[in-house]
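*Asks:* Before anything else, here's the structure in question.
The values are calculated or read from the model by the stated rules, or taken from the named source; none is laboratory data. Just so we're clear, the structure is a prediction, and the values are computed from it rather than from any experiment. Backbone-built Cβ (ideal geometry, glycine too); neighbour counts: all protein chains shown.
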Amino acid sequence: MIFSSYGFIFLFLPIVFAGYFLLNQLRYRYIAKLLLVVASFLFYAQGSAAFFPFFLASVVGNYVMGTLLSAIREAGTTTRAQSKAALAIGVAANVALLGYYKYTDFFITNLNAIAHTDVALRYIVLPIGISFFTFQLIAFLVDSYHGLTKSYSIIDYLLFITFFPQLIVGPIVHHGEMTPQFEDEANGRLNWDNVAAGLFLFSIGCAKKILLADPLTIDAQRFFDAVPAQPGFIEAWWCAIEYTVSYYFDLSGYADMAIGLGKMFNIAIPHNFNSPYKARNFQDYWQRWHITLSRFLGDYIFRAVYRKGDAYRNFYVASMTTFFVSGFWHGAGWTFIAWGVLNGVFVCAASWMKRHNKRFPFIAAFCLTTLGVTALRVLFVSATFSDAWRVYRGMVNIASLAQTSFALPSVTGLSAKVFFPLGLVICWFAPNSQTLARQFKSSWLTLLCSAALIGLSLLRMNNGAAFLYFQF
């Protein structure tokens with residue numbers, strides 16, 4: 001089930017919303033929370049039924065392990081080595097589950113190439129959301145080890161992990177910002193201002209996904225699924241930028257819908273994007289792009305490596321390690337690893353310039369960053385290095401501009417020709433969702449805007465295309 005579907009909008013959401021607040025109104029608060037947990041489980045099982053028993057076992061097992069780590073910390077009867085061993089077992093179990101489903105075929109392919117073996121690939125179907133909820137579970141265990149969690153009730157813990165708005169594609173939330181909200185009885189009361197604000201954000205995200213991301217992604221994906229041997233200059237750049245724009249609207253559209261849904265239930269989910277395509281360097285870009293992912297990587301990878309004053313664990317080493325992990329997390333392939341490493345190089349370069357008080361003029365910095373982000377997105381979306389190389393050759397194929405048959409790429413449909421420029425204008429000049437949410441005031445005008453955006457989205461919702469990070 002996805003947010004941008006008739007079943008979710010007209011069936012799942014109204015039933016869960018009405019049931020949750022009705023039960024709270026009748027002072028059945030525990031049952032209301034239980035309803036939300038069950039609904040979240042059903043939401044997940046509908047999209048990944050075969051994996052659901054393992055998902056349930058993982059969630060419950062991590063609660064037991066986190067509770068054990070907290071108890072060990074409080075009792076102080078074990079050595080630090082024993083505590084670390086318990087943490088290592090918990091983290092390893094999470095990584096092993098993710099690794100089996102996401103990386104088994106990647107390792108088999110490389111084993112066959114290196115050792116000249118012929119091990120058959122497993123073709124394992126990747127469960128939805130596993131990359132996201134695994135990070136949340138690991139963070140919970142690490143914080144339990146450090147004594148940063150308290151004895152949460154099982155129901156509040158389950159809501160922190162499984163709350164359906166952020167379960168599949170994030171934002172990646174932290175127990176410290178979510179669980180207290182579920183514990184607060186005031187959040188069980190219906191708040192029409194929050195409903196209006198949530199509906200407004202949901203409508204923006206829905207429009208981003210249906211009206212902008214889907215047509216652009218479908219159009220660009222045709223090109224990347226079968227990259228021509230010699231793509232033209234215009235074709236290569238058009239499709240590369242088109243996919244870069246669509247990728248942002250797809251992921252940020254989901255985040256807006258998730259945040260809006262959370263708001264409707266009086267739960268504040270952290271914002272995930274802050275106009276990343278307005279960035280002036282890669283360090284700025286990664287502070288604006290997928291903010292909750294950057295926060296997790298900074299808290300649990302970067303800080304685990306970085307030691308101030310240690311030449312072997314300095315800022316640049318920690319940054320490169322972090323982006324290597326980020327690249328590998330994004331996908332089981334060498335292109336993803338290369339994408340992560342190159343992002344790390346550009347972030348380190350931006351940091352070096354900042355430390356040495358060197359900076360380009362804004363326009364030059366903005367253009368270079370935009371070109372760099374687009375070029376790396378080609379590597380991210382290409383199935384192989386060969387495909388990426390052909391696109392890069394097309395991007396410098398100036399000679400193709402002299403061809404008499406010059407035209408926009410043949411893969412480009414009418415909707416893409418219209419929405420692509422509109423998407424760029426929105427990315428560069430329009431206020432972002434974070435700003436709109438902060439400035440929101442409930443009124444008939446905002447209600448009409450929300451209704452119009454959802455109405456237009458409903459007209460194009462027949463395909464119900466999944467989000468790019470849906471099975472990730």
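*Asks:* Filter region 1-15 for residues that are of a type in the set (A, V, I, L, M) and touching a residue at least 40 places away in the same chain (Cβ under 8 Å) and give the result.
*Replies:* Scanning region 1-15 gives 1, 2, 9, 13.
*Asks:* With respect to residue 319, determine if the residue is among the hydroxyl-bearing types (Ser, Thr, Tyr), closer than 29 Å to residue 109 by Cα and either part of a helix (DSSP H, G or I) or more than 15 Å from the chain's Cα centre (by Cα) (or both).
*Replies:* Yes.
*Asks:* Let me ask something additional. Give the residue that is farthest from the chain's Cα centre (by Cα), with candidates limited to residues of region 103-146 that are assigned to a loop (DSSP other than H, G, I, E, B) and crowded, with 22+ Cβ neighbours inside 10 Å.
*Replies:* Applying the filter and picking the extreme gives 127.
*Asks:* Being of a type in the set (Val, Ile, Thr) and in a helix (DSSP H, G or I) is the filter here; which residues of region 164-179 pass it?
*Replies:* Listed by number, the list holds a single entry, 179.
*Asks:* Of everything in region 286-316, what is among the aromatic types (Phe, Trp, Tyr) and under 15 Å from the mean Cα position of the chain (by Cα)? Give them in sequence order.
*Replies:* 286, 289, 296
*Asks:* So, one more: Would you check which residues across region 31-85 are of a type in the set (Ser, Thr, Tyr) and closer than 30 Å to residue 5 by Cα and list them?
*Replies:* 40, 44, 48, 58
*Asks:* Same structure again: Considering only residues that are β-branched (Val, Ile, Thr) and within 20 Å of residue 352 (Cα to Cα), look in region 270-319 and name the one that is surrounded by the fewest Cβ atoms within 10 Å (Cβ to Cβ).
*Replies:* Within region 270-319, the match that is surrounded by the fewest Cβ atoms within 10 Å (Cβ to Cβ) is 317.
*Asks:* Here is a follow-up. Out of region 303-343, which residues are in contact (Cβ under 8 Å) with a residue 24 or more places away in the chain and of a type in the set (A, V, I, L, M)?
*Replies:* Scanning region 303-343 gives 320, 325, 332, 338, 342.
*Asks:* A further question on this structure: Select from region 421-463 the residues that are under 25 Å from the mean Cα position of the chain (by Cα), without any contact (Cβ under 8 Å) to a residue 40 or more places away in the chain, over 20 Å from residue 245 (Cα atoms) and part of a helix (DSSP H, G or I) and list them in ascending order.
*Replies:* Within region 421-463, 438, 439 qualify.
*Asks:* State whether the residues of region 322-332 include one that is part of a helix (DSSP H, G or I), in contact with a Phe, Trp or Tyr (Cβ under 9 Å, 6 or more places away or on another chain), assigned by TED's automatic domain parsing to the domain that holds residue 283 and surrounded by fewer than 18 Cβ atoms within 10 Å (Cβ to Cβ).
*Replies:* No, because not a single residue in region 322-332 is part of a helix (DSSP H, G or I), in contact with a Phe, Trp or Tyr (Cβ under 9 Å, 6 or more places away or on another chain), assigned by TED's automatic domain parsing to the domain that holds residue 283 and surrounded by fewer than 18 Cβ atoms within 10 Å (Cβ to Cβ).
*Asks:* Report yes if some residue within region 245-265 is surrounded by fewer than 24 Cβ atoms within 10 Å (Cβ to Cβ) and small (Gly, Ala, Ser); otherwise report no.
*Replies:* No, region 245-265 has no match at all.
*Asks:* Scan region 139-148 and give yes if some residue there is closer than 29 Å to residue 68 by Cβ, in the same structural domain as residue 46 (by TED's automatic domain parsing) and touching a Ser or Thr at 6+ places or on another chain (Cβ under 6 Å), otherwise no.
*Replies:* Yes, there is a match, as at least one residue in region 139-148 is closer than 29 Å to residue 68 by Cβ, in the same structural domain as residue 46 (by TED's automatic domain parsing) and touching a Ser or Thr at 6+ places or on another chain (Cβ under 6 Å).
*Asks:* Please tell me if residue 57 is under 26 Å from the mean Cα position of the chain (by Cα), closer than 17 Å to residue 136 by Cα, surrounded by fewer than 12 Cβ atoms within 10 Å (Cβ to Cβ) and without any contact (Cβ under 8 Å) to a residue 40 or more places away in the chain.
*Replies:* yes
*Asks:* Considering only region 185-205, state which residues are within 15 Å of residue 442 (Cα to Cα), part of a helix (DSSP H, G or I) and not hydrophobic (A, V, I, L, M, F, W, C).
*Replies:* 193, 194, 198, 203
*Asks:* I've got another one for you. Please work out which one of (1) buried (at least 23 other Cβ atoms within 10 Å of the Cβ); (2) within 17 Å of residue 259 (Cα to Cα); (3) of a type in the set (Ser, Thr, Tyr) is the condition residue 179 fails and give its number.
*Replies:* Of (1) buried (at least 23 other Cβ atoms within 10 Å of the Cβ); (2) within 17 Å of residue 259 (Cα to Cα); (3) of a type in the set (Ser, Thr, Tyr), only one is false for residue 179: (1).
*Asks:* Quick one: what pairs do we get from region 28-46, first residue free of Cβ contacts under 8 Å to residues at least 12 places away in the same chain, second crowded, with 18+ Cβ neighbours inside 10 Å and in a helix (DSSP H, G or I), C-beta under 6 Å, 6+ apart or different chains?
*Replies:* 31/23
*Asks:* For region 92-127, what are the residues that are free of Cβ contacts under 8 Å to residues at least 24 places away in the same chain and hydroxyl-bearing (Ser, Thr, Tyr)?
*Replies:* Of everything in region 92-127, those that are free of Cβ contacts under 8 Å to residues at least 24 places away in the same chain and hydroxyl-bearing (Ser, Thr, Tyr) turn out to be 104, 109, 117, 123.
*Asks:* (1) out of contact with any helix residue (DSSP H, G or I) (no Cβ under 9 Å at 6 or more places or on another chain); (2) modelled with pLDDT of 95 or more; (3) of a type in the set (Phe, Trp, Tyr): which one isn't true of residue 346, the others all being true?
*Replies:* (1)
*Asks:* Here is a further query. Looking for whichever is over 25 Å from residue 298 (Cβ atoms) and not assigned by TED's automatic domain parsing to the domain that holds residue 17 here; the options are 158, 211. Which one fits?
*Replies:* 211
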